[in-house]
Amino acid sequence: MEAPIRLIEHTENDKLVVNQKAINILSKSNQPVVVVAIVGMYRTGKSYLMNKLAGAQSGFDVGSTVQAQTKGIWMWCVPHPIKANHTLVLLDTEGLGDVEKGDCKGNIKVFSLAILLSSALIYNSKGIIDQDAIDKLRFVGEISEFIKIKSEDNEDEEEEFSNHFPIFIWAVRDFHLELTLDGQPISEDEYLENALKLNQNRSHFLSSILEIRREGGKSLHCSKINQTKWVRSPPTRWSLVLEEASHDLLGQADHQRVHVLAEKTTKDKDYNRLRKRIQMYFKTRKCFTFGFPATDFEGLKNLEKASALSENFVAQCQKFCNYIFQQVGAKSVGDMLAVTGHQLGELTKIYIEAITNSRFACMEKAVGSLVEQETRAAIEEATKYYVDKMKTIQLPTETLNGLLEQSKKYEDEACQMFQKRSIKSKNSTSYQEFMENVRKERNGFISINEEKSREMCNSLIKKLSLTFEKALDGGVYNIRGGHEKFKQDLKAIEEKYKMERGKGVKAEEALQQYIISKQRAEIIIIQQDNALTLKEKEVAEENNRRRIHEMEQNFRRQSEEQKRQRDAEHRASLQQTINEMTKHMQEERRMMNEKARQQELYLKQGFQEQAKMYQALIDKLQRELQEKKEAERLQREREEKTQQLLNMLNEQNKALLQQIQNINKNICVIL
């Protein structure tokens with residue numbers, strides 16, 4: 001921020017209104033904030049100290065008139081000078097006791113808000129720390145009216161303020177005394193603690209009660225004292241609690257005697273009450289004293305422009321700033337160890353609304369409300385971050401593990417964002433709710449990844465199977481052997497499909513679904529293929545039977561023809577032989593007759609010798625005739641043997657025919 005901006009406006013009708021522009025500035029910061037607020041009487045130079053903390057000569061209005069310059073609460077956010085990644089938030093409040101306001105309640109509200117919002121509260125005053133200066137801090141005694149720790153009634157609530165209130169720093173301006181006590185030098189902190197020291201009469205309140213008990217001769221029930229909460233209370237609280245409990249431990253008369261011994265006047269009582277509350281509310285207290293910044297009146301009127309400031313004043317300012325920078329930590333409240341700028345803005349709105357509507361701000365409720373808001377915002381932002389990162393992944397992924405690995409990476413990043421923004425721990429239900437949101441979103445992306453993969457795969461299958469589908473619709477596979485062709489084409493689609501990349505996690509499932517979707521068509525093709533094959537087998541068997549029958553007929557015809565030919569040839573040969581033999585015999589008879597006639601002639605003529613010769617020739621011819629008859633007998637025997645051989649050949653032909661028939665039957669079975 002280049003200049004301060006009003007954070008809270010204190011209107012004329014005593015309303016506190018948040019400036020949304022300032023809240024918007026805070027909401028942009030996720031760094032832890034160190035919040036330093038300053039309060040004090042108006043015209044005491046509060047704004048000058050805040051400008052020094054901002055490292056600027058000017059910023060917060062610094063005036064030199066009797067009119068208060070700051071109205072409400074102004075804010076200035078600057079980078080922390082020494083804490084990296086921290087923002088220093090300076091809150092300059094309107095002056096207490098402004099005569100133009102004249103409203104004590106309004107001052108208490110501003111003072112209470114400064115306490116609630118700050119890590120360190122600077123109380124700025126002039127002069128010295130005396131009773132008058134402490135009396136001006138009377139607002140401290142009344143802040144319990146506007147600040148509650150818990151929503152339920154709590155008797156020890158004021159004692160718990162110290163666990164939630166900021167560091168209290170008393171800045172004493174224009175200090176002109178020596179820091180000594182009883183002739184001994186003391187520190188600024190010792191000076192403050194001495195000013196806040198209780199009146200000794202009041203501090204001996206307990207001994208007074210015990211004294212009266214012993215004087216009265218009454219027994220003192222120590223068990224009752226030990227069982228009372230105030231016995232375990234901080235020492236600064238003992239006398240106050242004992243005073244309120246004295247009626248229970250002592251009688252009325254003894255109670256009056258205690259006041260006589262322990263408290264002389266009402267003023268004495270008021271003296272200690274405010275000091276006790278300062279000690280009880282602020283467990284860490286610090287004091288800084290500043291001398292006069294300049295000796296001349298003009299220098300005092302324009303400190304930011306003064307060229308010759310006192311060396312002591314400059315050194316004290318530097319010491320003051322160093323302490324703030326080094327010792328004041330980030331704002332914390334409840335479970336929040338380091339409040340961010342965004343959370344500070346939300347707390348401011350919650351506190352203003354509570355003081356306006358409920359007349360007091362309950363820290364427990366405020367923290368609870370902030371925790372709920374921040375947790376909800378953390379869940380939404382971290383979940384949105386996870387979703388936005390997951391949307392950058394190119395879907396579909398090849399494998400589910402690939403998607404889950406990316407998801408785990410972004411889930412871890414979102415978890416870190418959630419832990420950084422969320423107030424609660426990792427074991428809280430808010431973390432479980434965040435992880436449940438992530439789980440649902442992750443499952444959603446898994447489903448989207450699967451759907452995109454399924455769409456891509458189906459589109460690819462449709463492209464690759466276009467020709468196949470046309471062939472299927474056209475009945476190309478409704479032929480003998482069509483099933484084998486069907487399987488080959490489907491296998492080709494599968495191989496081409498598997499070669500493609502980027503199909504995603506549903507690649508195999510989409511392919512199997514397509515193959516399954518074609519099973520019905522495949523069954524029909526198989527049935528048709530089987531029907532065609534059976535019919536062809538029947539036709540083939542009939543053809544085989546016909547061919548076998550024709551072969552048998554041909555074989556029979558050929559055998560008979562061969563037999564007829566062989567018989568005819570044999571008969572022709574026999575007839576020729578018979579004819580030749582008959583002719584030869586006839587020729588021989590003729591010759592024999594001729595010889596006989598010649599013999600008879602010779603005989604008659606008396607040629608005895610010649611007749612004997614012819615007789616010998618006749619005998620020879622008769623022997624030859626007898627031999628021819630024997631040859632004819634042998635020829636008939638050969639013919640009989642030949643017939644037997646033909647019969648045997650016929651039997652062998654039949655056996656061969658039977659073997660042919662058996663072979664054809666086996667061929668039919670194989671088909």
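The values are calculated or read from the model by the stated rules, or taken from the named source; none is laboratory data. Since this is a predicted model, take the numbers as computed values, not measurements. All Cβ positions, even for glycine, are placed from backbone atoms using ideal geometry, and neighbour counts span all protein chains on display. Note: accessible area is taken over every heavy atom of the protein model, side chains too, but ligands, DNA and RNA are not part of it. Shrake-Rupley method; radii C 1.70, N 1.55, O 1.52, S 1.80 Å.
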Please verify whether the stretch 79-93 includes one or more residues that are of a type outside the set (Phe, Trp, Tyr), under 19 Å from residue 41 (Cβ atoms), buried (at least 23 other Cβ atoms within 10 Å of the Cβ) and modelled with pLDDT under 80.
-> no
Search the stretch 170-192 for residues being in contact with a Leu (Cβ under 7 Å, 6 or more places away or on another chain) and of a type in the set (A, V, I, L, M, F, W, C), and hand back the single one that is surrounded by the most Cβ atoms within 10 Å (Cβ to Cβ).
-> 170
Could you list, in sequence order, all residues of the stretch 110-148 that are of a type in the set (D, E, K, R), at pLDDT 75 or above and either in a loop (DSSP other than H, G, I, E, B) or over 25 Å from residue 324 (Cβ atoms) (or both)?
-> 130, 132, 135, 136, 138
Inspect the stretch 347-362 for any residue being within 30 Å of residue 196 (Cβ to Cβ), at pLDDT below 75 and either in contact with a Pro (Cβ under 7 Å, 6 or more places away or on another chain) or assigned to a helix (DSSP H, G or I) (or both) and give the result as yes or no.
-> no
Looking across the stretch 453-506 at residues that are within 18 Å of residue 526 (Cβ to Cβ) and among the β-branched types (Val, Ile, Thr), the single one that is surrounded by the most Cβ atoms within 10 Å (Cβ to Cβ) is 476
Out of curiosity, is residue 411 under 20 Å from the mean Cα position of the chain (by Cα), surrounded by fewer than 13 Cβ atoms within 10 Å (Cβ to Cβ) and part of a helix (DSSP H, G or I)?
-> no
Filter result (more than 15 Å from residue 488 (Cα to Cα) and without any contact (Cβ under 8 Å) to a residue 40 or more places away in the chain) within the stretch 445-465 = 447, 451, 455, 459, 462, 463
Residue list for the stretch 385-401, restricted to those being assigned to a helix (DSSP H, G or I), more than 13 Å from residue 411 (Cβ to Cβ) and touching a residue at least 12 places away in the same chain (Cβ under 8 Å) = 400
Scanning the stretch 9-22 residue by residue, those under 24 Å from residue 55 (Cβ atoms) and buried (at least 18 other Cβ atoms within 10 Å of the Cβ) turn out to be 19, 22
Taking only pairs six or more apart or across chains, which ones have beta-carbon atoms under 9 Å, a first residue in the stretch 517-529 that is in contact (Cβ under 8 Å) with a residue 24 or more places away in the chain and of a type in the set (D, E, K, R), and a second residue that is surrounded by fewer than 14 Cβ atoms within 10 Å (Cβ to Cβ) and not in a helix (DSSP H, G or I)?
-> 529/479; 529/481
Residue 437: open to solvent by less than 80 Å² (accessible area, probe 1.4 Å), closer than 13 Å to residue 375 by Cβ and modelled with pLDDT of 90 or more, yes or no?
-> yes
Could you grab me the full set of residues in the stretch 23-37 that are more than 17 Å from residue 113 (Cα to Cα) and surrounded by fewer than 22 Cβ atoms within 10 Å (Cβ to Cβ)?
-> 24, 25, 27, 28, 29, 30, 31
Residue within the stretch 367-385 that is within 17 Å of the chain's Cα centre (by Cα), open to solvent by less than 60 Å² (accessible area, probe 1.4 Å) and among the acidic types (Asp, Glu) present | no
Within the stretch 149-165, restricting to residues that are within 14 Å of residue 278 (Cα to Cα) and assigned to a loop (DSSP other than H, G, I, E, B), the one that is modelled with the lowest pLDDT is 164
